[in-house]
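Written below as structure tokens is the structure these notes are about.
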Amino acid sequence: MTSQKKLGKATQAIHAGERHPPATEKSGTPLLPPIYQNSTFRFTTATECAEAFQDEESGYVYTRWGNPTQEVLEKKLAVLEAGEAALATASGMGAVSIALLTALSDGGHVVAMENLYSATFQILNEDLRRFGIETTFVDATDPSQIERAIRNDTKVLYLESPTNPLLKLIDLRASAELAKAHSVTTIIDNTFATPCGQQPIAFGIDVVVHSMTKYLSGTGAVIAGAIVGQKEFITHAKTGALRNFGAVISPFNAWLTLHGITTLPLRFARHCENAMHVAAFLETHPAVAWVRYPGLLSHPQHELAKHQMEAFGGMITLELKDGRAAGEHLVNRLQRCALAVSLGDVRTLICHPASTTHSHVPAEIRQQIGITDGLVRISVGLEDVEDIIADLKQALESCAS
């Protein structure tokens, strides 16, 4: 018996998880997964309704508990991330929160990467501390720092790779092996890389979270998140923290995200191609002190990027020589690149992390982890790359004049 060939990413993105409902009285079934935009579901008998409450696999009850549109999206995500199961949430931070609450349901200690998305940092440094859950922040690019920080009560190792906004990389396999040796659950935010850039579960990571607001949906029209991992963990998250805290994705946003994912491999390849050209241009500009992009030879972890990433992504970070004033001047002079704090959009987006995405992180901590006042983050879009570069060039030249 021959084994079935694994489907390619583009085929998975289009077909995985999709099912076709039975035909109506007229022939034909919907080609696209339909949207079930309803809050509840009806039953024909009391017995049937009671069975659904006892065994959720037997039917749908209430959209806070599950929805057919959401289920198609979750099955597609699980396939793309090579996980056993997935759970869609109302936002990326909903995914981060539910994953952490599930892994820390009995309390415990967290070891986390020091350079994290600011809202994640706040959850770990403030919200969870109020519940008695401590976090030790380390430079997780050095596995020895992770190992030294692990305690007897450590339950979670929380990572990003590439990190937001400094684009540092974590050795996924080394981190996963270290965590497993201490019975610690690894959770990683894979938003920047997407399943097209890397599959952390293939390197031994336990749980992957996403802000589907970004690359997965792709157009800036959706707020959504996702958790991918083993079925037992996902079931625990779905029937526990997600249901009780209510971070449930709407059927409409699930449906929009489904359509976005079908073009993810195509879009992400263009993001990566454009970003490589933009990074190479920025690296040679006299107003720029340095550029970080995993695809550049100058990236300190370029060899690691080649080893564990299939593609280098669409995110670039740069430091301007003249600090915050130059950064503000740059974003004020841009004509096509949009000043906005999200990423993964079809449009090129640029932001100044110290005054926007990481403004709530104390200044001394920002400086300590390298988020300086001259730092600028670019999410390279799908425009013609010549036009992106031309816009950045005219704005940078005005900085130097």
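Structural remarks
- The three principal axes of the Cα atoms in segment 60-210 give end-to-end lengths of 46, 34, 29 Å, sorted in falling order.
- Stretching Ser105 away from Ser398 to a fully extended chain increases their span by 100.2 nm, per 0.36 nm per residue minus the current alpha-carbon distance.
- 5 Å binning of all Cα-Cα separations within segment 112-174, expressed as whole percents from 0 upward: 4, 18, 29, 25, 17, 7, 1
- Solvent-accessible surface ranking, highest first, for Lys75, Lys9 at 1.4 angstrom: Lys75, Lys9
- In range of the label at Asn38: residues from segment 63-86 whose backbone nitrogen is under 18 Å from the point 7 Å along Cα→Cβ: 63-72
- FRET E, pair Leu334, Glu48, Förster distance 41 Å, beta-carbon r, rounded to 0.05: 0.10
- With 10 Å bins beginning at zero, the pair-distance distribution over Cα atoms of segment 1-136 amounts to 9, 26, 28, 24, 10, 2, 0 %.
- Label-point separation in nm, Arg151 to Thr235, each point 7 Å along Cα→Cβ: 3.2
- Taking 7 Å steps out from each Cα toward its Cβ at Thr284 and Gln368 produces label points 4.0 nm apart.
- Prolate/oblate/rounded label for segment 311-401 (Cα gyration tensor, a/c 1.5): oblate
- Surface/4 estimate of mean projected area, convex hull on alpha-carbon atoms of the chain, nm²: 22.8
- A straight Cα-to-Cα reach below 24 Å connects Lys321 with the lysines Lys168, Lys393, residues fewer than 8 places away in its own chain not being considered.
- Segment 262-376: relative contact order in percent, alpha carbon pairs under 8 Å with at least 6 residues between: 23
- Segment Ser183-Asp322, length gained on full extension (0.36 nm per residue, minus Cα span): 45.4 nm
- Candidate lysines for bridging to Lys75, where Cα separation is under 28 Å - those fewer than 8 sequence places away on the same chain excluded: Lys5, Lys6, Lys9, Lys155, Lys180, Lys214, Lys231, Lys238
- When segment 211-331 is reduced to its Cα atoms, the Kirkwood hydrodynamic radius in Å: 17.3
The values are calculated or read from the model by the stated rules, or taken from the named source; none is laboratory data. Since the model is a prediction, treat every value here as computed from it, not as a measurement. Neighbour counts are summed over all protein chains in view; Cβ atoms, including those assigned to glycine, are modelled from backbone coordinates with ideal geometry. Heads up: the accessible areas ignore ligands, DNA and RNA and are worked out on the full protein's heavy atoms, side chains in. Shrake-Rupley method; radii C 1.70, N 1.55, O 1.52, S 1.80 Å.
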